[in-house]
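Q: One structure coming up, written as structure tokens, with questions to follow.
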Amino acid sequence: MISIDDIIETNEMITENKLDVRTITMGISLRDCAHPNMEQFCRNVYDKITKSAEFLVKTGEDIEAEYGIPIIHKRVSVTPIAIAADACKTDTYVPVAEAMDRAAKEIGVNFIGGFSALVEKGFTNGDRILINSIPQALAMTDVVCSSVNLGSTKTGINMDCVREMGEVIKRTAELTRDNDALGCAKLVVFCNAPGDNPFMAGAFHGVSEADKVVSVGVSGPGVVKHALEAKKGADFTEVAETIKKTAFKITRVGQLVAREASKRLGVPFGIIDLSLAPTPAVGDSVARIIEEMGIESCGAPGTTAALALLNDAVKKGGLMASSHVGGLSGAFIPVSEDEGMINAIKTGSLSLEKLEAMTCVCSVGLDMIAIEGDTSAATISGIIADEAAIGMINNKTTAVRVIPVPGKKVGDMVEFGGLLGYCPIVPVRNQYSSAAFIARGGRIPAPIRSLTN
Amino acid sequence: MKLVVTVVGKDRVGIIAMVSQILAENNVNILSINQNILDGYFNMILIAEISSSKIKLVDLQKKLRESGQEINVDIKAQHADIFNVMHNI
């Protein structure tokens, strides 16, 4: 029999501590859509997406109502378009992004990911067309997300792509300058990108995935913080145990939702992404968990250790609660999407450089960081190279999603709206040039996997 | 399938009567009721068996929610599995 205390605890998590399932994401392969004619290819893409995910939103809403657990996003990810569209005789993939945008709006999802290229070792013709199409594609569409994987532990870092992506980010910012460079909020540059990540903007349907698959991303920073509030002064063994138990409970709900969604949609279950995904709402922040552990303001010395413990304990607790775990799995540290991070930037306790250190132990990387619009492409490429190097050497996923907002300076605020949030411009303190380094191009060789000091 | 109904709101005459009437009309069998009044606020958690009912869960949820709104109480009905999976291995 269910105990009354358990019912009260679960419902308090939902109503007081903002427990939710962050996303149900359907991955759809577009490998069977290939066609040399662009119009026909776009029709194939539109049809495959709208047929496969016709009932995704309705199913998500039904599960949400029946179990009383909010499911915030219903989304779709597709095969990286650079692969799916490689056979098209064309010099631009913008029409594909527009077809994805139409399909996503038709089925009612709020984002569609996969306007992507995997170029960690080199470019195909399709990869080059895709990367050149990104700025315009993101400016012409509303819900299409783009990502580029340019490094991995197995292959090293494609520095030609690092150079190009600095320029692509600048062009995207320029083309969407009327919306505070919103296009850049839909563009992620990865090292070691997973092919089963259900979270945007970096979701794409990996080439080794089944034709269709349903994955779920959980959340719950507010629940973890609430659990730690009852452990003031406890030692770290107890802190870790508390986080593990909470992560277990959160993930069990995610697993239930994933199982139901998979059954009702008739699509295989992929993975649960064990993530603490914050929102700009008060009480839904990863930074505030770090502060609950005893750091006065996120970014102060001790922050990286606190985040390391949090990230590890979330995985340990969540693993047993789910039959398959994957994606990014860990604590996200996006700046504009986390009320505590925003506050820490405002007070000056958190800097870009400290965030870089934190990405060594968090689940992804430098995320949703607005910087001055006149930051040079080479400096952005330098930031990308550093982040990719951290991922490559540490065998983990890292990413960069920076937004150089045209016309904005340190001290200004940027509003992206909704869950993308808002944040002050974060200073890039070091003004010395990376241009000659970035201009070299070529590839950084794959790293050694022993002698790991 | 078991259903968990939680009712919270300012106390008044007839809350339990109203909830149990809606459940009875729809052939939903009540298994347990836990109810108390705290500072004038009514709190109830009711567990029921819904398997022999013909009404769809979403329709029953709507009926309970709307009836609750009429007398200023918040009524939530949830599939019991969310509590089972979270608290039991």
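Laboratory data are not the source of any read-out in this text; all were calculated from the coordinates shown. Everything numeric here is computed off the predicted structure, so don't read it as measured data. Positions of Cβ are backbone-derived with ideal geometry, glycine not excepted, and every protein chain shown enters the neighbour counts.
Q: Under a plain spin-label model, where a point goes 7 Å from the Cα along Cα-to-Cβ, how far apart in nm are A:Leu319 and A:Thr347?
A: For the pair A:Leu319/A:Thr347, the computed spacing is 3.4 nm.
Q: Separate question: What spacing in nm lies between the two simple spin-label points modelled at A:Ala300 and A:Asn125, each 7 Å away from Cα in the Cβ direction?
A: Taking the two extended label points, one gets 5.9 nm.
Q: What pairs in A:Lys186/A:Lys354; A:Lys51/A:Lys316; A:Lys105/A:Lys225; A:Lys51/B:Lys76; A:Lys121/A:Lys409; A:Lys18/B:Lys10 have C-alpha atoms more than 31 Å from each other?
A: Working: A:Lys186/A:Lys354 23 Å; A:Lys51/A:Lys316 37 Å; A:Lys105/A:Lys225 36 Å; A:Lys51/B:Lys76 34 Å; A:Lys121/A:Lys409 36 Å; A:Lys18/B:Lys10 24 Å.
Where the Cα-Cα span goes over 31 Å, the pairs concerned are A:Lys51/A:Lys316; A:Lys105/A:Lys225; A:Lys51/B:Lys76; A:Lys121/A:Lys409.
Q: Scaled to the compact-protein estimate 2.2 N^0.38 Å, what is the alpha-carbon radius of gyration of the stretch A:299-430, rounded to two decimal places?
A: Details: Rg = 15.2 Å, N = 132, 2.2 N^0.38 = 14.1 Å.
In units of the globular-protein estimate, the stretch A:299-430 measures up at 1.08.
Q: Also: Given the protein assembly as shown, what percent of its DSSP beta bridges are antiparallel, to the nearest 5? Walk me through the numbers on the way to the answer.
A: Working: 42 of 74 bridges.
For the protein assembly as shown, the DSSP antiparallel bridge percentage is about 55.
Q: Provide the net charge surrounding A:Ile49, with neighbours chosen by a C-beta distance below 12 Å and charges set as Lys +1, Arg +1, Asp -1, Glu -1. All intermediate terms of the calculation are to be shown ahead of the outcome.
A: Details: positive: A:Arg43, A:Lys48, A:Lys51, A:Arg75, A:Arg102, A:Lys105, A:Lys212; negative: A:Asp47, A:Glu54, A:Asp101, A:Glu106.
Spelling it out: positives minus negatives among the neighbours equals +3.
Q: Taking the Cα centre of the protein assembly as shown as origin and charging only Cβ (+1 Lys, Arg; -1 Asp, Glu), how large is the dipole, in debye to the nearest 20? Write out the running numbers ahead of the final one.
A: Numbers: 53 positive and 63 negative charges, 197 e Å.
About 940 debye.
Q: How fast does the stretch A:1-81 diffuse by Stokes-Einstein, in µm²/s, taking the Kirkwood radius from C-alpha pairs at 25 °C and 0.890 mPa s? Kindly include the intermediate steps, with their values, before the conclusion.
A: Values: Rh = 15.2 Å.
Estimated via Stokes-Einstein, D reaches 161 µm²/s.
Q: What order, most packed first, do the peptides A:326-339, A:395-408 have when packing is the mean number of other Cβ atoms within 10 Å of each residue? Present the calculation step by step, with values, prior to reporting the outcome.
A: Details: A:326-339: 25.7, A:395-408: 23.1.
Packing order, densest peptide first, comes out as A:326-339, A:395-408.
Q: Work out the P(r) tail for the stretch B:24-89: percent of alpha carbon pairs separated by more than 21 Å, whole number.
A: On the way: 673 of 2145 pairs.
Every Cα pair in the stretch B:24-89 considered, those over 21 Å come to 31 percent.
Q: Quick check of the Kirkwood formula: for the stretch A:41-171, what is the inverse mean of 1/r over all pairs of different Cα atoms, in Å? Each step should come with its number before you reach the end.
A: On the way: mean 1/r = 0.0637 Å⁻¹.
So the Kirkwood estimate lands at 15.7 Å.
Q: Taking every DSSP beta bridge that has both residues in the stretch A:315-453, what percent is antiparallel when rounded to the nearest 5? Before the final figure, lay out each step's value.
A: Numbers: 3 of 10 bridges.
Bridges in the stretch A:315-453 are about 30 percent antiparallel.
Q: Something else now. Compute the signed sum of charges (Lys and Arg +1, Asp and Glu -1) over the other residues within less than 9 Å, Cβ to Cβ, of A:Arg288.
A: Taking every Cβ under 9 Å from that of A:Arg288, the sum is -4.
Q: Mean Kyte-Doolittle hydropathy of 0.5 or higher plus an axial Cα length of 18 Å or more: which whole DSSP H helices in chain A meet both? It would help to have the intermediate numbers written out before the result.
A: On the way: long enough: A:38-52 (21 Å, -0.88); A:94-107 (20 Å, 0.11); A:125-140 (22 Å, 0.33); A:159-175 (24 Å, -0.19); A:236-265 (42 Å, -0.17); A:303-319 (24 Å, 0.56); A:377-394 (26 Å, 1.14).
Span-like helices in chain A: A:303-319, A:377-394.
Q: Averaged across the residues of A:7-20, what count of C-beta atoms belonging to other chains lies within 10 Å of each residue's C-beta? Mind dumping the intermediate values first?
A: Working: counts 11, 5, 3, 7, 8, 0, 1, 3, 3, 0, 0, 0, 1, 0.
Average neighbour count from other chains, rounded to a whole number: 3.
Q: Specify, per residue and in Å³, the volume enclosed by the convex hull of the alpha carbon atoms belonging to the stretch A:235-333. Write out the running numbers ahead of the final one.
A: Working: hull volume 9.8 nm³, N = 99.
Hull volume normalised by residue count: 99 Å³.
Q: Which value, in Å³ per residue, describes the convex hull spanned by the Cα atoms of the stretch A:110-247? List each step's numbers first, then the result.
A: Working: hull volume 24.0 nm³, N = 138.
Taking only Cα atoms, the stretch A:110-247 has a hull volume of 174 Å³ per residue.
Q: In addition: Enter the per residue convex hull volume of the protein assembly as shown, computed from alpha-carbon coordinates, in Å³ rounded to the nearest integer.
A: Numbers: hull volume 85.2 nm³, N = 542.
Output value, Cα hull per residue: 157 Å³.
Q: Next question, about the same structure. Rounded to the nearest 0.05, what FRET efficiency do B:Arg12 and A:Arg264 give with R0 = 35 Å and r taken as the Cβ-Cβ distance? Could you check?
A: Values: r = 39 Å, r/R0 = 1.11.
After rounding, the FRET efficiency stands at 0.35.
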